[in-house]
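Engineer: Have a look at the structure that comes next, please.
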Amino acid sequence: MSAQRRPVRPLLSLQATALVVLTAAVGMWTWKTVATYEAEVRAPRLTLDSARKAARTLMTGPYLYLATGEAVHVDATQDAVTELNAHLLALSHLAPLPPKQLQRARASLQVIEESTGLLWKAAPDADLAGALEQLALGTSALDGSLTAIETRIEAQVTERYDLTLQGLLVAWGGMLVAVLGTGVLASRHDGANVAREQRIQRSLNVELADALADAAQPPSPDAPLPEIVSIAGAGVDSLVGAARRTVEALGDLRVDLARLRRSSSFTQDLMDALAMAESETEVVSTASRAARVAYPDASYQLLRIEGDDALLRPVDTMPEPACAVEGAQHCPAVRKGRTLHHGIGQGIVRCPHLANDSGCVTCAPVLLNGHAYGVSQLAGYIPSQTGLDDLESLGLALAARLGVVRSLAASEREASTDPLTGLANRRRFTERLADLDRNGSHYCLIVADIDHFKAINDRHGHEVGDRCLQIFAQVLRDACRNSDLPCRHGGEEFVAVLPDAGMRAGLAVAMRIRSLLREAGRNAPAPFTVSMGVAAHPDHGDQGDRVLRAADAAMYDAKESGRDQVIPAHLAMDAEATI
């Protein structure tokens, strides 16, 4: 025989191995899909939980106020309204929700604000039945809206997970049927090959016997040499070729599986690392470090869009960017919103902003809430030895974490900011004072109260009163340093926290406030003045609440002394406060 038939059993073993490897690949892909999607929906769920918490505070605050009469419940209710507005805004960006659901929630929140506004202003003997009924309807509608939003988010999670799982199961089932069907056909073909080879062997034996008999006769000069016509090799070459192709395909599959495992491990490690980053700077630094780990032999740079001119600026000083484009509007990857690969020798198709034509460059835009945040740029890699899936995963993970960090930061700012004046609210003031006390820092407090503010509201209306509050807030902001914290403490009362400042500096700032107020008062809709008290730590108390009481008492002394003046706190009074 010119060749030997390769048995089918090893080929079936190879097919079984291929099935196991494919099954593992499908399992890894399923795990990766679930992990990636869970990361995408974690932010909407956390935001919804925070909204639920704020809603519970909003539902109980008015009743606690009616029961106790304590103003702290009014502040808690107003803070809950602010937080809930922030969470609804965040949900509109994080989850694809129908606009009507968010509109219903906001409408319910507006009803609650109106009803609680009536409760805060009502006289003790007023009839509150209508306001309470309106409040109950608003809270019930708000709870229903949040439940509908929660149901919508969970339905999207279930629908996407089920469709992905079903698709993977169908793909794996198709692979299984193909492998089993091929195995059955190969087994039948093997039986036919055995019978055929037996016939070939018998024919070959006859030919060999005839050839030996002819060779035993005396040779004749004119007789041709004996020939053996063998057909035993027919079909064997095709079998060898098929086996070789199967082995090569299996080798390619193993390479792909190893790459998939590395990519899956990289994605999971990247998600874990980004989850620990709490600021935008930390997120960007973590992403850059991860890219250099994934592509150690290539040059990676993240170009971020900055400024009103939308300039592309590298995050790190090294390495040098592969292109010289300045404006984001001139970058093809940003304009098209998709990843672009620039190979060697592309000619006019290659990006015109690249520094040179040597080396491959891939530019992947980083999209944050549908808008371009920057461009991930990978240069100097070998296409046949480098997979770019990790670059795509890096961009998606970076955008997702940046969205979460920015949403949480915006919610935190809104929760600690007075909506009317834009100054820090009482919550932020309390936190700053506690930090200063904990660090043992020296500081000064200026307590300011607008004189006759109730008369301004009664005579000119609340809109004029609100405008006066905004004007004084701007005066307070202009008079303070960047390290100071001007706050609206409540109503018409304001507090300025001056770290690393004593009484002399505090009195100087208070006098500057009076001077700036005289200038700003010319544009005010109604003339107004301010009475201020100044106290310092540790001169007037070893704790923030004692210093605040001293400054507050000095402010009341200013009012009793004729208003529109600055009074420093008395050490004797504060000595009694510290006993």
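Any read-out appearing in this document is the output of simple, stated calculations on the displayed coordinates, not a laboratory observation. If you're wondering where the values come from, they're calculated on a predicted model, not measured in any experiment. Here the Cβ positions follow ideal geometry from the backbone for every residue, glycine too, while neighbour counts run over all protein chains shown.
Engineer: Quote the relative contact order of the stretch 288-352 in percent (integer), defining contacts as alpha-carbon pairs under 8 Å separated by 6+ residues.
Structural biologist: Working: 57 pairs, mean separation 12.0, N = 65.
Here the relative contact order equals 19 percent.
Engineer: What is the sum of charges around Ala136, taking Lys and Arg as +1, Asp and Glu as -1, for the other residues whose C-beta is under 14 Å from the C-beta of Ala136? Provide the component values of the computation, followed by the final result.
Structural biologist: Numbers: positive: none; negative: Glu114, Glu133, Asp143.
Summing Lys/Arg as +1 and Asp/Glu as -1 gives -3.
Engineer: Still on this structure, I have one more. Using a Cα-Cα cut-off of under 17 Å, which lysines could be cross-linked to Lys53, ignoring same-chain neighbours fewer than 8 residues away?
Structural biologist: Partners within reach: none.
Engineer: In which sequence would His87, His341 go, from the one with the fewest C-beta neighbours within 10 Å to the one with the most?
Structural biologist: On the way: His87 27, His341 13.
Sorted ascending by nearby Cβ count, the order is His341, His87.
Engineer: Quick check: net charge around Pro314, other residues with Cβ under 13 Å of its Cβ, Lys/Arg +1 and Asp/Glu -1?
Structural biologist: Once positives and negatives cancel, what remains is -2.
Engineer: Under 1.5 on a/c is rounded, so check that first for the stretch 415-491, then, if it is not, pick prolate when a/b is larger than b/c and oblate when it is not; a ≥ b ≥ c are the square roots of the alpha carbon gyration tensor eigenvalues.
Structural biologist: Prolate, because a/c is 1.5 or more and a/b exceeds b/c.
Engineer: Measuring from label point to label point, each 7 Å out along Cα→Cβ, what is the Gln268 to Ser92 span in nm?
Structural biologist: 3.9 nm
Engineer: Compare the peptides 445-453, 471-479 by average per-residue count of other Cβ atoms within 10 angstrom and give them in order, highest first.
Structural biologist: Details: 445-453: 22.2, 471-479: 19.9.
Descending packing order for the listed peptides: 445-453, 471-479.
Engineer: Under the 0.36 nm per residue contour assumption, what length would be gained going from the current alpha-carbon distance of Ser441 and Leu118 to full extension? Working shown, then result.
Structural biologist: On the way: separation 323, 0.36 × 323 = 116.28 nm, distance 4.25 nm.
Here the answer is 112.0 nm.
Engineer: Under 1.5 on a/c is rounded, so check that first for the stretch 10-182, then, if it is not, pick prolate when a/b is larger than b/c and oblate when it is not; a ≥ b ≥ c are the square roots of the alpha carbon gyration tensor eigenvalues. Numbers along the way, then the final one.
Structural biologist: On the way: a/c = 5.39, a/b = 4.10, b/c = 1.31.
Since a/c reaches 1.5 and a/b is larger than b/c, the shape of the stretch 10-182 is classed as prolate.
Engineer: How high is the relative contact order of the stretch 10-182? Use alpha-carbon pairs under 8 Å, at least six apart in sequence, and give a whole percent. Don't skip to the end; give the middle numbers.
Structural biologist: Values: 115 pairs, mean separation 49.2, N = 173.
The value is 28 percent.
Engineer: Still on this model: Using a simple spin-label model with points 7 Å from Cα along the Cα→Cβ vector, what separation in nm is obtained for Asp49 and Glu493?
Structural biologist: So the label points at Asp49 and Glu493 sit 3.6 nm apart.
Engineer: Right, something else. Summing Lys, Arg as +1 and Asp, Glu as -1, what charge do residues with Cβ under 13 Å from the Cβ of Ser145 carry, Ser145 excluded?
Structural biologist: Numbers: positive: Arg52, Lys100, Arg104, Arg106, Arg152; negative: Asp143, Glu150.
Charge balance near Ser145 sits at +3.
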